[in-house]
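The structure appears right after this line, and notes come after that.
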């Protein structure tokens, strides 16, 4: 299957965008696709070989799962690549056009359980939530 790409241009400097993408206290504030979900816990070691984990949970307690993986490569303020437990790969690039805007592009291997459009929509919703969180904080 072809990889899926989602993207957002965030109205903030790259240093701020990077911090809010990588620090657990920020990750828990934006890492969910809809208002009826949340991210009650996150750990992150953003360096090559480091691990991360985020708990994705329905607010009503009906369902939760761990989104976790290992970083294959991390270049501060530029690139994050990681592998998920099932072997799928994710590539995230951070590009600053000027001092006030940063484009975050995330390309991921789709899983096989859910339709492609559903996966694209979910990951884009999380990206949009990230953009909103950064711009409001």
Quick test of your reading of the structure: residue 42 fulfils all but one of (1) within 17 Å of residue 120 (Cβ to Cβ); (2) crowded, with 17+ Cβ neighbours inside 10 Å. Name the failing condition by number. (1)
Condition check for residue 75: in contact with a strand residue (DSSP E or B) (Cβ under 6 Å, 6 or more places away or on another chain) and either under 27 Å from residue 1 (Cα atoms) or loosely packed, with under 15 Cβ neighbours inside 10 Å (or both): no
Taking residue 29 as meeting all but one of (1) within 13 Å of the chain's Cα centre (by Cα); (2) part of a strand (DSSP E or B); (3) surrounded by 14 or more Cβ atoms within 10 Å (Cβ to Cβ), write down the number of the exception. (2)
Select from the range 45-59 the residues that are within 25 Å of residue 78 (Cα to Cα) and touching a residue at least 24 places away in the same chain (Cβ under 8 Å) and write down the one among them that is surrounded by the most Cβ atoms within 10 Å (Cβ to Cβ). 54
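Rule-based calculations on the coordinates, nothing more; no lab input. Small disclaimer: the values here were computed from a predicted structure and weren't measured. Cβ atoms come from the backbone with ideal geometry, glycine included; neighbour counts cover every protein chain shown.
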